[in-house]
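**Q** The structure follows.
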Amino acid sequence: MAAKVKKGDRVVVLAGRDKGKQGEVTQVMPKEGRVIVSGVNVVTRHQKPNQMDQGGIKRFEAAIDVSNVALLDPKDGKPTRVGFRVNEEGNKVRYAKRSGEAIDV
């Protein structure tokens with residue numbers, strides 16, 4: 001199945017502790033169906049020291065399910081679903097179903 005959300009896309013969180021927050025997708029894990037969004041779902045871990053790292057309290061973005069994010073419409077900046085269509089050159093492109101605007105330019 002084609003990727004509806006890709007690295008670099010601006011998304012908004014639809015559910016969970018960070019509902020309503022916006023960010024950029026930094027990593028996509030298609031086999032797990034999860035994405036990592038910058039500034040969203042930040043968790044704290046107490047890391048023991050080892051030979052490679054000093055340890056301490058580490059903060060990082062944890063993965064969230066791809067169903068809990070929606071792409072932002074390039075036209076008005078509101079959440080939208082993503083569709084696929086073939087453009088004039090014969091290439092398959094993503095488009096925002098809200099406005100009909102092409103996402104991949």
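The values are calculated or read from the model by the stated rules, or taken from the named source; none is laboratory data. In this text, all values refer to a predicted model and were calculated from it rather than measured experimentally. With ideal geometry, Cβ positions are generated from the backbone for all residues, glycine too; neighbour counts draw on all protein chains shown. Side chains are part of the model used for accessible areas, which takes the heavy atoms of the whole protein and leaves out ligands, DNA and RNA. Shrake-Rupley method; radii C 1.70, N 1.55, O 1.52, S 1.80 Å.
**Q** Those residues that are in contact with a Gly (Cβ under 7 Å, 6 or more places away or on another chain) and over 21 Å from V28 (Cα atoms), I need them from the range 58-105; list them, please.
**A** Result: K97, single match.
**Q** Show the residue pairs that are 6+ apart or on different chains and have beta-carbon atoms under 6 Å apart, the first residue being within the range 84-99 and within 11 Å of L71 (Cβ to Cβ) and among the aliphatic types (A, V, I, L, M), the second being in a strand (DSSP E or B) and open to solvent by less than 80 Å² (accessible area, probe 1.4 Å).
**A** A96/T80
**Q** Now for a separate question. Of the residues in the range 56-78, how many are part of a strand (DSSP E or B) and more than 19 Å from K7 (Cβ to Cβ)? Step through it out loud before you land on a result.
**A** Quick first cut of the range 56-78, residues part of a strand (DSSP E or B) only: 56-61, 64-65, 69-72.
Those left that are additionally more than 19 Å from K7 (Cβ to Cβ): 56-59.
Within the range 56-78, residues that are part of a strand (DSSP E or B) and more than 19 Å from K7 (Cβ to Cβ) number 4.
**Q** Scan the range 26-57 residue by residue and report those that are within 26 Å of D76 (Cβ to Cβ) and touching a residue at least 24 places away in the same chain (Cβ under 8 Å). Steps first, please.
**A** First, the residues of the range 26-57 that are within 26 Å of D76 (Cβ to Cβ): 26, 28, 35-41.
Those that are within 26 Å of D76 (Cβ to Cβ) and touching a residue at least 24 places away in the same chain (Cβ under 8 Å): T26, V28, V35, I36, V37, V40, N41.
**Q** Suppose we filter R10, R34 for residues that are open to solvent by 40 Å² or more (accessible area, probe 1.4 Å), touching a helix residue (DSSP H, G or I) at 6+ places or on another chain (Cβ under 8 Å) and within 17 Å of L71 (Cβ to Cβ); which single one remains?
**A** Details: R10 fails: touching a helix residue (DSSP H, G or I) at 6+ places or on another chain (Cβ under 8 Å).
The conditions single out R34.
**Q** If you don't mind, there's one more thing I want to ask. So A62 ticks every box in (1) without any contact (Cβ under 8 Å) to a residue 24 or more places away in the chain; (2) of a type outside the set (S, T, N, Q); (3) touching a strand residue (DSSP E or B) at 6+ places or on another chain (Cβ under 6 Å); (4) exposed (fewer than 13 other Cβ atoms within 10 Å of the Cβ) but one. Which box is left unticked?
**A** So A62 meets the others, but not (1).
**Q** So which residues in the range 37-54 are within 21 Å of T80 (Cβ to Cβ) and open to solvent by 60 Å² or more (accessible area, probe 1.4 Å), if there are any at all?
**A** Listed by number, the list is empty, since nothing qualifies.
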